[in-house]
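K.L.:
Pasting in a structure now, in structure tokens, and then I'll have a few things to ask.
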Amino acid sequence: MDITLDDKLSALQQISQQKLVKILDTIPGTKDLIIEQQLMKILDSFVGVTVLKRYGVDKIYKMEEGLKPSSSQRIFLVSNSLIACKRVLDQVQSEISLIGRPHVEVCHHLLVMPFVPPVLYNLVEEEGLSELITLRTLSAEFIRLDGNVLSLENPIFIDLYYHKDPSPLRALARNLWSLQLIIGSPKLSLLLGKHSQQMIKLMESMEQSLGPSSLENEIGALIVMDRGFDLATALLTPVTYAGLLNEVVEVNVGTATLEKSQTRLDPNKDQIYGEVRDMPCSDVFPILHGKAKSLKSEQEAVQMMKLTEMERYVSTRLQRTRDTTRQLAFHISACQTIADTLGSEFQVLQTIEKLMLDCKDRKECLSYIERNIDEHALRCLRLLCLLSITTDGITQSELQNIQKLHLHTHGYQHIPLFYKLHTAGLLKYRNEYILHKLPNWSSEWSSNAQKLKILPSYSKRTDQNGRTCPSYVFNNVYIPAIAQILNIVSNQEKDPRSFDDLTNLPNCVVNGRRGALSPKMVVICVIGGITCAEITACRLIEKSTGIRLVLISDTILTGNKLIQRIQKI
């Protein structure tokens with residue numbers, strides 16, 4: 001019996017579980033598990049309470065102030081944020097100060113995901129806790145989310161682009177190396193950006209010390225792209241249902257929550273989501289309405305059933321109908337939330353984004369931002385960053401008025417925000433040159449976009465009904481760069497010139513054999529977060545070219561999440 005790709009990806013959950021179980025097994029007796037809140041869903045994705053109990057976990061707590069564990073053995077599971085780690089050290093210190101040296105020896109184990117920061121060893125020593133706390137690493141594998149989408153669920157954009165700290169790349173490199181042990185190594189590697197090149201070097205050093213994959217050349221191509229290579233995709237507003245759902249609804253480790261209802265965004269668990277996720281949102285509600293009518297007809301038919309028919313219905317269809325009803329109610333509510341959030345302004349917003357991509361009507365774009373920044377701050381900050389990227393920057397005079405309006409409305413605590421956006425590379429500045437006012441002036445971004453052919457032709461832009469071009473995820477005005485790169489790599493034998501143009505781009509490195517893609521499997525890794533629009537666009541190319549695709553990143557990203565994380569720095 002052949003092992004499928006689906007089987008191999010499902011094994012990641014078992015590997016993560018075994019890593020945790022192995023650690024629990026080395027700590028004999030009963031123990032309490034105290035978990036940082038943001039890791040609860042991650043832990044739940046690969047291990048259940050039954051397994052934890054089997055390996056000696058007595059009680060499970062959420063990490064919070066005033067915690068009073070009952071067991072003498074405590075395992076703290078936290079992220080590698082120094083703030084989270086310091087909270088654990090403070091908890092241990094407070095216990096010592098309250099009871100002094102306890103009669104019963106209390107053992108503390110600090111389990112850090114995905115790796116222990118080197119500075120933490122010094123911090124534990126400075127706090128005088130070296131003999132009381134044992135530091136351990138839990139490097140869980142990728143979490144499988146929507147189909148063949150794998151995520152570390154540990155956002156690293158801020159570390160890489162704001163703090164200029166490449167250390168989180170180690171976790172991503174280790175997981176990608178581990179994945180290659182399962183699905184094989186690539187014949188061809190294409191790296192776009194300095195972080196991609198750094199990560200591959202880390203993987204090479206791991207292969208030298210830990211060993212390479214025994215499954216050589218099982219992957220046709222590995223494409224690794226820095227988020228900074230295509231920031232426009234992260235800032236544009238998608239039109240697909242999955243993209244807009246992630247924009248307006250809280251999604252945590254693949255589970256969407258809307259008020260008191262939840263659904264798992266996985267086609268295997270939610271068939272309605274699997275059917276509509278890649279559709280333009282405007283096409284989704286009629287489909288949901290049709291399904292609601294079908295369910296109503298089914299309920300009416302049930303009323304007329306005889307006893308034997310009713311028994312058969314209860315045993316074979318009732319549970320499925322209940323699940324479908326619950327999922328349908330969720331997605332109808334989600335559609336309504338999307339409509340309420342975006343409102344009648346959605347078409348205007350798309351027009352403004354198109355003008356920015358085409359580098360046209362700059363004054364109109366700035367005027368829209370100024371008019372709306374009080375009511376729609378996140379949306380307008382995204383547009384401001386998009387304008388600065390597509391036109392090689394904004395001037396201080398243009399920024400000054402927008403900044404003043406934003407601070408007056410939202411408070412002067414946001415004074416550092418524009419500096420943070422600039423430091424992270426999202427907000428670009430430029431001086432005012434007379435050349436920029438010439439009618440034939442073209443930005444550097446626009447020139448690179450033309451080389452990569454990510455701005456669709458006019459015929460494709462006017463094709464409102466077809467979903468043949470990946471640009472449909474942005475209403476036919478822009479092709480996500482990673483989707484275009486995948487298309488070029490998949491068709492390199494038919495169109496070698498486009499492949500040559502791609503490899504001649506700055507910060508692009510190619511390793512391995514060129515030519516026909518074989519095997520027809522491609523692994524894509526976006527460092528700094530992958531968007532739903534990119535996932536959908538790549539799926540379209542997967543279907544049209546007949547390849548198999550695995551999509552990897554550190555997190556599922558939206559423009560709002562990106563801006564919000566920068567605000568919280």
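K.L.:
So what is the relative contact order for the range 310-416, in percent, with contacts set as C-alpha pairs under 8 Å and at least six apart?
P.N.:
The value is 20 percent.
K.L.:
Per DSSP H run of n ≥ 4, the term is -39500 (n - 2.57); total these for the chain, divide by its residue number, and report the mean residue ellipticity at 222 nm rounded to 500 deg cm²/dmol.
P.N.:
Mean residue ellipticity, 222 nm, calculated: -15000 deg cm²/dmol.
K.L.:
While we're on this one: Just need the relative contact order of the chain here, percent rounded to a whole number, with Cα pairs under 8 Å and 6+ apart.
P.N.:
With pairs under 8 Å counted, the relative contact order is 17 percent.
K.L.:
Compute the separation of the alpha-carbon centres of the range 468-507 and the range 52-90 and state it in Å as a whole number.
P.N.:
47
K.L.:
Okay, moving on. Kindly work out what percent of the DSSP beta bridges joining two residues of the chain are antiparallel, to the nearest 5.
P.N.:
25
K.L.:
Straight-line reach from Lys296: which lysines fall under 23 Å, measuring Cα to Cα and dropping same-chain residues less than 8 apart?
P.N.:
Lys269, Lys306
K.L.:
Same structure again: Roughly speaking, what is the centre-to-centre gap between the range 213-273 and the range 521-538 when only Cα atoms are used, to the nearest Å?
P.N.:
Each part's Cα centre sits 8 Å from the other's.
K.L.:
Would you kindly state how much longer the chain becomes between Ser10 and Lys543 on full extension, computed as 0.36 nm times their sequence separation minus their alpha carbon distance, in nm to one decimal?
P.N.:
Here the answer is 189.7 nm.
K.L.:
Using alpha carbon centroids, what distance separates the range 361-405 and the range 1-49, in Å?
P.N.:
45
K.L.:
Still on this structure, please answer the following. Please report, in debye to the nearest 20, how large the charge dipole of the chain is about its Cα centre when each Lys and Arg carries +1 at its beta carbon and each Asp and Glu carries -1 there.
P.N.:
So the magnitude is around 560 debye.
K.L.:
Can you sort Glu542, Glu216 by 1.4 Å-probe accessible area, starting with the largest?
P.N.:
Of Glu542, Glu216, the descending order of accessible area is Glu216, Glu542.
K.L.:
Could you list, in their original order, any pairs among Lys86/Lys561; Lys62/Lys568; Lys41/Lys62; Lys8/Lys53; Lys494/Lys520 whose Cα atoms are separated by more than 19 Å?
P.N.:
Violating the 19 Å limit, Cα to Cα: Lys86/Lys561; Lys62/Lys568; Lys8/Lys53.
K.L.:
Here is a further query. If I compute solvent accessible area with a 1.4 Å probe over the protein chains, what percent of it on the range 11-140 is carbon and sulfur?
P.N.:
Roughly 52 percent of what the probe reaches on the range 11-140 is carbon or sulfur.
K.L.:
Could you work out the relative contact order of the range 117-244? I mean the mean sequence separation of Cα pairs under 8 Å and 6+ apart, divided by the number of residues, in percent.
P.N.:
Relative contact order comes out at 21 percent.
K.L.:
Under a 1.4 Å probe, what is the accessible area of the range 11-140 per residue, stated in Å²?
P.N.:
52
The values are calculated or read from the model by the stated rules, or taken from the named source; none is laboratory data. Model, not experiment: these values are computed from the prediction. When we count neighbours, we look across all protein chains shown, and the Cβ atoms used for this are built from the backbone with ideal geometry, even at glycine. Areas reflect the complete protein model, heavy atoms only, side chains present, ligands, DNA and RNA absent. Shrake-Rupley method; radii C 1.70, N 1.55, O 1.52, S 1.80 Å.
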